[in-house]
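See below for the structure under consideration.
The values are calculated or read from the model by the stated rules, or taken from the named source; none is laboratory data. Worth saying up front: this structure is predicted, and the values here are computed from it rather than measured. No Cβ is skipped: glycine too gets one built from the backbone with ideal geometry, and neighbour counts run over all protein chains shown.
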Amino acid sequence: MKRFCIYTLLFFVSIAISFAQVDRTKYPAPGPAPQINIGEAETFTLPNGLKVFVVENHKLPRVTFSLVLDRSPLLEGDKAGLTSFVGEMLMGGTTSRSKDQIDEEIDGIGGNINFGSASASASSLTKYQDKLLTLFSDILLNPSFPQTELDKLKKQAISGLASAKDDPNAISSKVTNVVLYGKDHPYGEFETEKTVSNVQVQDIKQYYDTYFKPNIGYLAVVGDITKKDAEQLVTKYFGGWKQGEVKKVDWPVPVAPEKTKVILVDRPTSVQSVIKVAYPIVLKYNDADAIPVKVLNNILGGGSTGRLFQNLRENKGYTYGAYSTISPDKIVGSVSADASVRTEVTDSAVYQFLAELRRLDEKSITEEELTSSKAILSGSFGRSLEQPSTIASFAINTELQQLPKDYYKNYLKNLDTVTVEQLNGIAPAYIKPNNAYIVVVGNTGAFKDKIKQFGDIEYYTNTGMPAVTTTIKDANITAEVVIKKYLDAIGGEGKLAAVKTFKSVQEAEVQGMKITAELVVDQTKPIAVQTMKMGPQIVSKFIINKDKALITAQGKEQEAPADIFKSLKNALTVFPELNYKKEGAHLNLDGITKINDEDAYKLIVTTSEGDKITNYYSVSSGLKLKSESATEGEAEFNEYKEYQGVKLPALSTVKNPNIPVPLKMIAVEQVINPKLSPEDLK
């Protein structure tokens with residue numbers, strides 16, 4: 001009976017609730033901002049000037065030591081890339097321990113130690129803290145900077161730069177930084193193979209001797225430790241660290257352009273355009289607007305609920321994602337919004353970016369957007385507190401950025417006080433659609449005429465330099481003359497026309513795996529057979545004739561689709577320049593530009609079928625330096641050798657949208673007019 005009464009009561013309560021007059025069209029009123037209990041940092045300073053913050057957290061028996069050096073941004077000049085090596089060089093060994101010994105001892109205590117050019121961290125179980133600090137302090141105070149480690153790091157960096165040279169996102173970031181800050185600003189300079197090669201061990205040592213000083217250091221100790229124990233440990237292991245003068249540098253503050261400019265980087269092989277709208281702003285971490293601006297950015301493009309994402313992806317379908325970032329900084333902040341879009345909608349996407357920026361300027365922010373953004377930012381802040389490293393960064397940032405002592409403790413409370421009126425009021429101060437750089441990396445020939453409506457156009461190269469195209473003033477230099485000079489440079493038209501058959505074997509290496517590309521051509525039939533191998537195994541074979549191409553892969557044979565066949569049949573001709581005139585190709589000589597610091601004629605070839613190929617021929621030697629097209633990708637011809645009286649590329653760099661990394665192709669065999677058997681052509 002008692003159970004029956006309880007169930008009956010619950011039934012009637014549920015009925016009452018279901019008929020309650022609740023207005024579902026309105027968001028529920030937000031509750032008060034939750035209290036965040038962040039451990040209070042206790043502080044002390046060593047006689048050498050090292051400032052220490054201790055945050056006790058005894059939930060887990062772990063302790064983390066985080067060090068930050070407060071130095072000014074550094075202009076590295078002709079040794080750009082130096083600071084990227086410092087951390088790994090410090091970890092490369094000490095005067096008493098090799099790199100392997102350090103790694104083994106860290107693993108032995110289940111710890112973790114990392115170094116950068118202006119920061120370091122170490123963590124382990126509390127019971128191993130003495131061993132941890134023995135290693136940490138040894139690396140910090142007694143580095144050996146081995147030459148072998150620098151050689152390895154430089155090799156890796158140069159390899160990475162080669163890959164980044166063709167990465168549209170890397171190109172976009174590099175060019176954006178150059179136009180925002182200038183190459184003579186620490187935020188605008190970038191590494192090159194040359195600057196990386198210039199870095200020597202002595203440069204690393206000089207950097208270390210100049211900037212690794214305790215009097216510009218902030219050490220946060222977080223975890224299962226008391227202030228008393230921390231003070232004893234820090235004094236023991238870092239008390240002998242000698243201080244020294246470190247000069248501060250005042251860098252100029254870049255300003256936004258007076259009117260919007262369009263910066264284009266031509267990448268004919270691209271099927272997408274990487275768009276970035278960016279400009280510098282004055283915004284520091286301790287500015288009163290810093291938290292409201294964070295909300296403003298979340299509404300604009302902080303995630304999938306942002307206006308940019310909803311417009312360019314959900315509404316227009318131009319991209320997989322569109323986002324924005326508004327970043328404060330001690331010297332100069334920045335605003336950026338970016339997306340990768342289909343080439344054919346590049347101009348439309350730029351229009352929508354600018355439209356959303358303008359709409360944000362027009363007091364359009366709603367209460368619903370504000371509530372949603374506050375919830376997202378509150379949740380992100382709360383989750384970040386799960387990591388001990390977050391508490392350490394809070395303690396250090398409070399000092400470095402001159403924040404109020406209760407900044408993080410009251411963060412959610414201050415976030416909760418942001419209003420719609422406040423956001424609509426400050427938006428015009430930070431959202432500048434008429435004073436921005438629009439940087440686009442892509443196949444500019446497809447949209448350059450449409451995109452000029454947004455501002456004056458400037459061209460940059462993928463190396464981050466302004467693209468300088470010199471007009472050819474000599475009327476005697478024509479496309480036909482450039483082609484003839486090239487044909488003469490590699491052997492002469494007569495000798496090249498006598499080539500009827502050809503065989504080439506080239507090799508490359510990807511992640512330790514050898515790739516072999518074999519090509520056999522008989523121009524009299526005509527037929528070409530191209531075989532690709534991974535190690536000894538054949539992964540694909542193409543048999544191409546003038547009517548069709550057969551593709552064999554994974555044991556299956558099929559005829560190539562028409563669009564692929566159009567590209568494949570180029571293999572039937574060993575020297576395509578010989579046949580441009582006969583096949584009705586249109587040639588457009590588009591001035592002189594730079595290819596790897598060498599002057600080159602830029603020749604745009606439009607085939608009779610409408611395909612475009614851009615070739616670059618050396619002004620001095622006549623040799624072809626580079627070729628690119630949307631269908632076949634890009635090839636740089638780095639070195640030529642003579643084979644039976646004909647000069648052919650012996651070393652090439654091949655880039656293709658279907659290949660994740662550039663391939664360095666080395667010619668191991670190239671034969672002019674070989675005798676081909678029927679088996680060779682199967």
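Worth pointing out:
- Scanning region 252-286 for residues that are part of a loop (DSSP other than H, G, I, E, B) and charged (D, E, K, R) turns up Glu258, Lys259, Arg267, Lys284.
Matching residues to (1) surrounded by fewer than 17 Cβ atoms within 10 Å (Cβ to Cβ); (2) modelled with pLDDT of 90 or more:
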residue: Phe575; (1), (2): no, yes
residue: Asn579; (1), (2): yes, yes
residue: Leu589; (1), (2): no, yes
residue: Glu598; (1), (2): yes, yes
residue: Thr606; (1), (2): yes, yes
residue: Gly610; (1), (2): yes, no
residue: Ser618; (1), (2): no, yes
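- Ser652 being in the same structural domain as Val510 (by TED's automatic domain parsing) and outside any strand (DSSP E or B): no
- Single match in Lys236, Lys242 (criterion: in a loop (DSSP other than H, G, I, E, B) and surrounded by fewer than 17 Cβ atoms within 10 Å (Cβ to Cβ)): Lys242
- Members of region 243-291 that are of a type in the set (Lys, Arg) and under 23 Å from the mean Cα position of the chain (by Cα): Lys261, Arg267, Lys276
- Helices (runs of 4 or more DSSP H) completely within region 69-179 that count 3 or more residues being of a type in the set (Gly, Ala, Ser): 147-164
- In this structure, Gly633 qualifies as closer than 22 Å to Lys569 by Cα and touching a residue at least 40 places away in the same chain (Cβ under 8 Å).
- Beta carbons closer than 7 Å, at least 6 apart along the sequence or on distinct chains, pair a first residue in region 133-153 that is of a type in the set (Gly, Ala, Ser) with a second that is in a loop (DSSP other than H, G, I, E, B) for Ser144/Thr95.
- Taken together, the criteria exclude Ala339 from residues that are touching a Ser or Thr at 6+ places or on another chain (Cβ under 9 Å), farther than 29 Å from Pro254 by Cα and in contact (Cβ under 8 Å) with a residue 40 or more places away in the chain.
- Residues of region 363-388 classified as part of a helix (DSSP H, G or I) and either more than 25 Å from the chain's Cα centre (by Cα) or not polar (S, T, N, Q) (or both), total: 17
- Qualifying residue in region 635-650 (condition: over 23 Å from Ala528 (Cβ atoms) and of a type in the set (S, T, N, Q)): yes
- Residue list for region 109-127, filter: over 15 Å from Ser137 (Cα atoms) and polar (S, T, N, Q): Ser117, Thr126
Here is a yes/no grid of residues against (1) touching a strand residue (DSSP E or B) at 6+ places or on another chain (Cβ under 8 Å); (2) surrounded by fewer than 18 Cβ atoms within 10 Å (Cβ to Cβ); (3) of a type in the set (S, T, N, Q); (4) farther than 21 Å from Met665 by Cα:
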| residue | (1), (2), (3), (4) |
| --- | --- |
| Gln506 | yes, no, yes, no |
| Met534 | yes, yes, no, no |
| Val539 | yes, yes, no, no |
| Lys548 | yes, yes, no, yes |
| Ala560 | yes, no, no, yes |
| Gly584 | no, yes, no, yes |
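- Residue match in region 216-233 (condition: aromatic (Phe, Trp, Tyr), in a helix (DSSP H, G or I) and either buried (at least 18 other Cβ atoms within 10 Å of the Cβ) or at pLDDT 95 or above (or both)): no
- Counted residues, region 267-295 - those being touching a strand residue (DSSP E or B) at 6+ places or on another chain (Cβ under 7 Å) and either over 21 Å from Pro433 (Cβ atoms) or not β-branched (Val, Ile, Thr) (or both): 11
- Search result, residues across region 117-138 that are over 18 Å from Ala220 (Cβ atoms) and β-branched (Val, Ile, Thr): Thr134
- Scanning region 303-353 for residues that are closer than 30 Å to Asp70 by Cα, surrounded by fewer than 21 Cβ atoms within 10 Å (Cβ to Cβ) and touching a helix residue (DSSP H, G or I) at 6+ places or on another chain (Cβ under 6 Å) returns a single hit, Pro328.
- Residue count for region 192-215 satisfying the condition of being crowded, with 21+ Cβ neighbours inside 10 Å, under 28 Å from the mean Cα position of the chain (by Cα) and not in a helix (DSSP H, G or I): 1.
- Residue check for Val521: outside any loop (DSSP other than H, G, I, E, B), closer than 19 Å to Leu651 by Cβ and touching a Ser or Thr at 6+ places or on another chain (Cβ under 8 Å): no
- Applying the condition of being crowded, with 19+ Cβ neighbours inside 10 Å and hydrophobic (A, V, I, L, M, F, W, C) to region 631-653 and asking which residue is nearest to Glu609 (Cα to Cα) yields Ala635.
- Unmet criterion (only one of (1) over 30 Å from Ile477 (Cα atoms); (2) surrounded by 20 or more Cβ atoms within 10 Å (Cβ to Cβ)) for Asn656: (2)
- For the criterion of being more than 25 Å from the chain's Cα centre (by Cα), assigned by TED's automatic domain parsing to the domain that holds Asp449, buried (at least 21 other Cβ atoms within 10 Å of the Cβ) and in contact (Cβ under 8 Å) with a residue 24 or more places away in the chain, Leu360 passes.
- Matching residues in region 70-87 - criterion: being under 21 Å from Leu150 (Cβ atoms), touching a Lys or Arg at 6+ places or on another chain (Cβ under 9 Å) and surrounded by fewer than 20 Cβ atoms within 10 Å (Cβ to Cβ): Asp78
- Wholly enclosed strands (runs of 3 or more DSSP E) of region 531-632 bearing at least 3 residues touching a helix residue (DSSP H, G or I) at 6+ places or on another chain (Cβ under 9 Å): 537-545, 586-595, 598-606, 612-618
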